[in-house]
Structures are given as structure tokens and as C-alpha cells.
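Remarks on the structure that follows.
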Amino acid sequence: MRRGKWKIRNIPQGQNPEKKGVPSTEKDKTYISRDIEVNEEKIKKRVGIGVSFDAGVRKLHVLGKEIHIYFINGLCDMEALTELLKELMKLEARDRETPYVREAIENHLTEVQVEYKDTLEDCITEMLSGLVFILVEGEDKAFVVDVRNYPGRSPEEPDNEKVVRGARDGYTENIIENTGLTRRRIRDERLRNEIMRVGVRSKTDICISYIEDIADPDMVNIVKKELEAIDIDGLTMADKVVEEYIVDQGANPFPLVRYTERPDVTAVHLFEGHIAIIVDASPSVIITPTTFFHHVQHAEEYRQAPFIGTYLRWIRFFGMLASMLILPLWLLVVLEPQLLPEELQYIGPTEDSNVSEFMQIVIAEVGIELMRMAAIHTPSPLATALGLVAALLIGEIAIEVGLFTSEVILYVALASIGTFATPSYELGIAIKIFRFVLLIAVVSFQTTGFVIAATALFLFLASIRSLNKPYLWPFLPFDAQALWQVIVRTTVPNIRRRPRIVNPQDSIRQRTD
């Protein structure tokens, strides 16, 4: 089974990846007619004007020509649209005849971005994306004017990546705002934001961001081809669907791409040579290619002094290791107490319980997972009450009735804290899954089971490749300099080269001369 390898899907010749089963030939396009009533009838039938309340058309007479302005209410900036209508009305009010009506109208379009389209398919797609298009009687081209104003929230600090010091802005569900937040931090003329539409029906905007003279062009082409090959009605789960098309996740629980909601994190990775994928209607950005160690770093480490950042990183590493190993090792010494040295003989349950230690751990783990789910779906005013109830049920009462021992509660809590200390939510869940695997191996075969399961886990991680990049780099294959930067938070002036894993075109990050 392939794990995380990229693959290029073959698109049948003459097929358009955005239209399933529809040949992308010229004869299939509906070109704009010079008869504006013919266009109106076709657009009315296709878009549902008069049926859908939010699809509208505004008709004007300007310089002896009939003009139709088509828009989607709710996706447009109505103030900008009103200003545009005022300018056209002023043009009519001047009552000046001219044979160059199209040029006169174009010169009175107040918006910055104006394009020409000659097919109804292109016009309707732009309209459904929040732009407006203008048809002029006797003309076979339409003006497409960008007056988008997507509903959404203001950029706020993401809940999953908070820092004590640092920027408080975060990505939103608006792809235009997200590209702006990134470009604000990278004022490089070589930053490229290439946009495409994916989904036969949803036509979701997806932006591929990279720095042209740093990112590997082969990797950029691979990502583009993977996105172009997506043939589905719509991206209902936005970036997660995109991830599943780009990398072959299979049964592997470990994350193969990194998600972030912080523009500064995205900017750092773009400077290194990574590629960012921004999906409209999603506040998180995909960063690829990534390895295991990309998921264990946090922005807070770079907002503190290098020594403090290293300390925080080591504490986080310890928490992640404890999260995976503390419960299986405790269960192992409970089942085989002879493994403990004499000075650690106090470890292990001292009171009797009606349930085996393994089943206590399983019940407690499931209970904590249920509490986490309940907390997500609980309204904020009731969250405190939920915490009190959970503490009473799983804590005091469960111990008093003999369901749990106090030591099981202690180690399950420590393992859960380590999971929450993991910067990547996806990696935390993967660690929890493999903790269960180690527990089952220990309860089944004791020491032999633990050793075999731990070895199998390491070999499994070593076999994973994300977009054909080794998952355990820089540990395997070994890169001493890069591994040192993973273990120790190096000062920025000492980071002179970009990571070799992304095959950057320009490997030098900062010059010494």
C-alpha cells in the first residue's frame, strides 16, 4: 500500500477537468449574442432569475443602447454596485451622442478590475463568484467587474495557535483576505498567487501560493496537476477534500500536510520553499510538503529568546513522548512488576478495583474523548457546568464505586495533557491512536508486545512519504544540521540555508558577505 505518495491522474484527451464527461471544445461554448434579448432568455433559464431571489438583473438605457447588469445579491458590495449605476446614469444624463458606446461605458466603470468575457459560461461563473457582468446591446463581449464582498468575520487570532506575544490576526473564510494577509508579510515581486476553480458545481476558488525563484517548479507542477485532476461536484469540506486528493492518506493516521491559520507561519514556510494552498470558505491553509517534525513546532518558540524557545520545545517533545508512552509503560510494569527497580516499587495500584487496569484505561480514554466532543457541542454558558459534572463523575465518584483507581486517573490525565500540548491537532489524534495500539500489544504480550509494537511504529513512520518526501527527515535520511535546528531553537542569524527537503532553487536564506 502506498503511503502519502503523489500520483498524476490521466485526464482523457478532450476532457475538461471542471466539467465531468463534457468535451471542452469550442462548439460546446455559448458565445454572447449581439441580440441582448437572446442572451437574457438563456441567462434567465440557466441562473434562475425570477426564481432565485438573490440572482438579479438591472436594466438601463444608456446612449441609445440597452444595458443589462447581472449580479448575485449577498456576494456583491452593494455600495460599489450602486456607485457603478450612478456613473452610468450620469453618462445617460449628459445626453451626448457617440458612436463609441462601449468605450464610453468602459471609461465610466469606477472599479479597478474590469475584464472582457465572450461566453455566457464564463460570465455566469464570475457572477456566481460575486462579480457582476454587463451586457451591452449590439456587443458580443461582456464587461466583468469585480465588486465582490463576501460575508465573513474579521481576522482574529486562531484558537488553535495562540501565542503570548506576536500577531493577533488569523485567516478567515475569505480567500481574498487570506491572500492579502500573506502578501502583507511577503512584499516580494516573485510571490505568486495562482488561482483556479475546482468542482463541477461548486466551482470553489483555490489559490496556490509560492515564491517563484525559491519553490521547486516540479513540485508546483505536481500540485497544480493534482488540483486540475479533481473531478467532483463540490468541495463540501473545503481544504480537507483537497488534501485527500493531493496525498494518498489511506489508513495512515499521521498528517501528511500541515494546517495553519496564522499568516506569519505561512510566510515562514513560503520563504523556506514550501507551497501554500488556500481554499475559499476555509480559515486554514495547507502547507506542503511537510515532514513529521513540521508538526511539532509552534510559533511561540520563535517569539521568545532562543534559550527559552528551546526549553519550550523540549517540554513539548517530552509531553508528546509521555502522551504516547506513559500509559503503555505503566501498564507494562503493573503486569510485570519485576521490571521495576527496588526504589520504584511504589509505582502501581495500591487499592483493589472491580475492573482490570487495561479496561480502566480504555473506559477513561473513551470518557475523555466523549467529554471533548461534548465540550465542542456545548454552548459556552454551559461549558463550566459540563466540566464540573465530568470532574465529579470521572474523578471522585468513579473511584469511590471502585470503577477506577486513583493512579489510572493520574496517568490517563497526564497522557491527555501531552496530547493537548501537541501543536498539531491531527498529530495529537494520531498519537492517541498509536497509544491504543501499544496498550493492546502490552496487555496481549507484555514486554515482547511492547518492543515489537514500538519497532513496528518506527518502521511505519520511516516508510511514509509525503509528496515523495521522507516523513522522518532530517532523522531519516540523517541530516545533522537540519536535525540540530529541530532539537534546538537556533537563532535566526545562524539559519543560513533553506531546508533541503523542499529542494529549493535558491538554497541560501541569508548571505554572509
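General observations
- Taking every residue in region 80-92 that is open to solvent by less than 40 Å² (accessible area, probe 1.4 Å) and pairing it with any residue that is among the β-branched types (Val, Ile, Thr) and outside any helix (DSSP H, G or I), at least 6 positions away or on another chain, the pairs with Cβ-Cβ distances below 6 Å are Ala80/Val147; Leu81/Val147; Leu84/Thr110; Glu87/Thr110; Leu88/Val62; Leu91/Val62.
- Qualifying residue in region 224-235 (condition: touching a Pro at 6+ places or on another chain (Cβ under 8 Å), hydrophobic (A, V, I, L, M, F, W, C) and at pLDDT below 95): yes
- All positions within region 271-302 that are hydroxyl-bearing (Ser, Thr, Tyr) and open to solvent by 10 Å² or more (accessible area, probe 1.4 Å): Ser284, Tyr302
- Residues of region 467-501 satisfying the condition of being in a loop (DSSP other than H, G, I, E, B), open to solvent by 40 Å² or more (accessible area, probe 1.4 Å) and either more than 17 Å from Thr290 (Cβ to Cβ) or touching a Cys at 6+ places or on another chain (Cβ under 8 Å) (or both): Phe478, Thr491, Arg496
- Apart from one condition, Asp122 fits all of (1) open to solvent by 60 Å² or more (accessible area, probe 1.4 Å); (2) among the charged types (D, E, K, R); (3) more than 35 Å from the chain's Cα centre (by Cα); the exception is (3).
- Selection count where residues are in contact (Cβ under 8 Å) with a residue 60 or more places away in the chain, part of a helix (DSSP H, G or I) and within 25 Å of Ala299 (Cβ to Cβ), scope region 416-440: 12
- Taken over region 321-334, the residue count meeting the criterion of being among the aliphatic types (A, V, I, L, M) and touching a Gly at 6+ places or on another chain (Cβ under 6 Å) is 2.
- All strands (runs of 3 or more DSSP E) inside region 133-232 with 2 or more residues being open to solvent by 50 Å² or more (accessible area, probe 1.4 Å): 191-198
- All positions within region 248-270 that are touching a Lys or Arg at 6+ places or on another chain (Cβ under 8 Å), open to solvent by less than 30 Å² (accessible area, probe 1.4 Å) and not in a helix (DSSP H, G or I): Asn252
- Some residue of region 444-466 being assigned to a loop (DSSP other than H, G, I, E, B), open to solvent by less than 30 Å² (accessible area, probe 1.4 Å) and either in contact with a helix residue (DSSP H, G or I) (Cβ under 9 Å, 6 or more places away or on another chain) or closer than 30 Å to Met359 by Cβ (or both): yes
- Tally of residues being part of a helix (DSSP H, G or I) and among the aliphatic types (A, V, I, L, M) across region 65-91: 8
The values are calculated or read from the model by the stated rules, or taken from the named source; none is laboratory data. The structure displayed is predicted, hence computed values, not measured ones. Here the Cβ is made from the backbone with ideal geometry for all residues, glycine too, and neighbour counts use every protein chain on show. To get the accessible areas, we keep the full protein, side chains included, count just its heavy atoms, and leave off ligands, DNA and RNA. Shrake-Rupley method; radii C 1.70, N 1.55, O 1.52, S 1.80 Å.
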